[in-house]
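Novice: There's a structure below that I have some questions on.
The values are calculated or read from the model by the stated rules, or taken from the named source; none is laboratory data. Please read all numbers here as calculations on a predicted model, not as lab measurements. Cβ placement follows ideal geometry from the backbone for every residue including glycine, while neighbour counts extend to all protein chains displayed.
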């Protein structure tokens, strides 16, 4: 079980954001995706993830232990196939995020913003306005810069499990009631999503 969890972590950390989005699309017929791509995939069983990739590579599902090395030995091909999957734009009306967009906070330093986080911020805080990408970026950057790092208390355990025990920090912009979720992926910090706190 511990080995399987380690393999899942190794697999997901080897994939780019676009490849993760393509990976999620493989499951749309059997699961309803939710949260960010990394959050959704982290919640699936390791055998299911590797089985789907075995089907992508070799044309058939395999849920046996032999699937792990087969997939990891072909990770380059996996990345190519996932990158080639066309993922429809799920953000109609949302201005496109500027390439390489970063935000900064004194407690986190510079953080890369994912397209998902950009869309969630627009959807929850700018949707009713005709804001341009520049205006959204300015509002997001100012909000994140003023956000304070917080602990989630007892809710942190559940979130840690749901995040696959990835290093995750939470920042709260209290006046806006906006919580930012920042995770370390492949040695870099990413703003992975934006939410209105419920806990």
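Novice: When residues of the stretch 179-194 are filtered for being in contact with a helix residue (DSSP H, G or I) (Cβ under 7 Å, 6 or more places away or on another chain), surrounded by fewer than 20 Cβ atoms within 10 Å (Cβ to Cβ) and modelled with pLDDT of 85 or more, how many remain?
Specialist: Total meeting the criteria: 0.
Novice: Where residues in the stretch 28-47 are assigned to a loop (DSSP other than H, G, I, E, B) and at pLDDT 80 or above, which of them is nearest to residue 18 (Cα to Cα)?
Specialist: 44
Novice: Take the residues of the stretch 105-149 that are assigned to a loop (DSSP other than H, G, I, E, B) and crowded, with 20+ Cβ neighbours inside 10 Å: which is nearest to the chain's Cα centre (by Cα)?
Specialist: Applying the filter and picking the extreme gives 114.
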